[in-house]
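Working notes for the structure below.
Laboratory data are not the source of any read-out in this text; all were calculated from the coordinates shown. Since the structure is predicted, the reported quantities are computational estimates derived from the model, not experimental observations. So basically every Cβ, Gly included, is an ideal-geometry build from the backbone, and we count neighbours across all protein chains shown.
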Amino acid sequence: MNQHSTLIESGIDLSQELRAAIAVEDAERLDALFKQLPLSEALRELLELSSVDRRAVLTLISPEIAADLIEEAPHEIGADLMEDLETDRAVEIMDELDSDVQADLIGDMGSEEAEAILEQMDAEDAADVRRLSVRPKDALKVWLKEISVGVINGIALGILIGIVAWLWKGSPALGLVIGAALALNTMLAVSIGGVVPLLLKRIGQDPAVASGPLLTTVTDMAGFFFVLSLATVMMPWLI
């Protein structure tokens, strides 16, 4: 965008000009006003408008200028601006952005709004955006959420099954082995179940197809490993 010397020299009240152009839906005037501003200044003027006026501006101006403004904004703010738009208009703006920027916006948008936009985008572009929108911080967030539940469930199930094994065989050590193995395997299962689908999505694979077999295989192998390892450690108390 060009410098805004013309606006300064002419003494134009920019906010008033913007509102006047919005009121009559003068797209050409809005384009002209925003083109004369540095990008950071244009974004500041946009964000100072009411939510209704911001939506009107992003709907009326050219997709190229709207995309520049969205890209200049922090991801969370850009995502909020995109969520306020009609889906068709949001897609027009998304088409002007690089795939990395598209992915960041989609990752910060609500799931319903993001899915509506992706469904109307070109299929190949949408697939790339879906893949790129899975970020390490998303996997960490999901894992922390899942493991917090997994720890509670694992400990509860471990204690319950450990008591059953103790009462069944009369061996506290056996109950400890079985209970601890089940607790560890439960925590592993919820971790895999939460994170692996995101990782598969990141590399372009269908999580619905690949997650199930992978989860079953790993948890079965880990279950045997936990039981046998703990039994080996506890062997003096098991015999």
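At-a-glance table
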{"quantity": "Helix runs (DSSP H) in the chain reaching 24 Å along axis by Cα, Kyte-Doolittle at least 0.5", "calculated": "136-169, 172-202, 207-233"}
{"quantity": "The range 136-238, Cα convex hull volume normalised per residue, Å³", "calculated": "94 Å³"}
{"quantity": "Fluctuation leader among V227, V52, V91 - the chain, Gaussian network, Cα springs under 10 angstrom", "calculated": "V52"}
{"quantity": "q = 0.12, 0.19 Å⁻¹, the range 44-152: log10 I(q)/I(0) [Debye, one scatterer per Cα]", "calculated": "-0.43, -0.92"}
{"quantity": "Förster radius 41 Å - calculated FRET efficiency between L214 and S50 (Cβ-Cβ, nearest 0.05)", "calculated": "0.25"}
{"quantity": "Debye, to nearest 20: dipole size of the chain, +1 on Lys, Arg Cβ, -1 on Asp, Glu Cβ", "calculated": "2480 debye"}
{"quantity": "Among G170, G78, G179, residue whose mean-square fluctuation peaks in a GNM of the chain (springs only between Cα atoms under 10 Å)", "calculated": "G170"}
{"quantity": "Sum of -39500 (n - 2.57) over DSSP H runs of 4+, divided by residues of the chain (222 nm, nearest 500)", "calculated": "-26500 deg cm²/dmol"}
{"quantity": "Rel. contact order, % - alpha carbon contacts under 8 angstrom, at least six apart, the chain", "calculated": "13 percent"}
{"quantity": "Gain upon complete extension [D84, L228; 0.36 nm per residue less C-alpha separation]", "calculated": "46.3 nm"}
{"quantity": "FRET efficiency, A23 to I203 (Cβ-Cβ, R0 45 Å, nearest 0.05)", "calculated": "0.35"}
{"quantity": "Cα-Cα separations in the chain greater than 24 Å, expressed as whole percent", "calculated": "61 percent"}
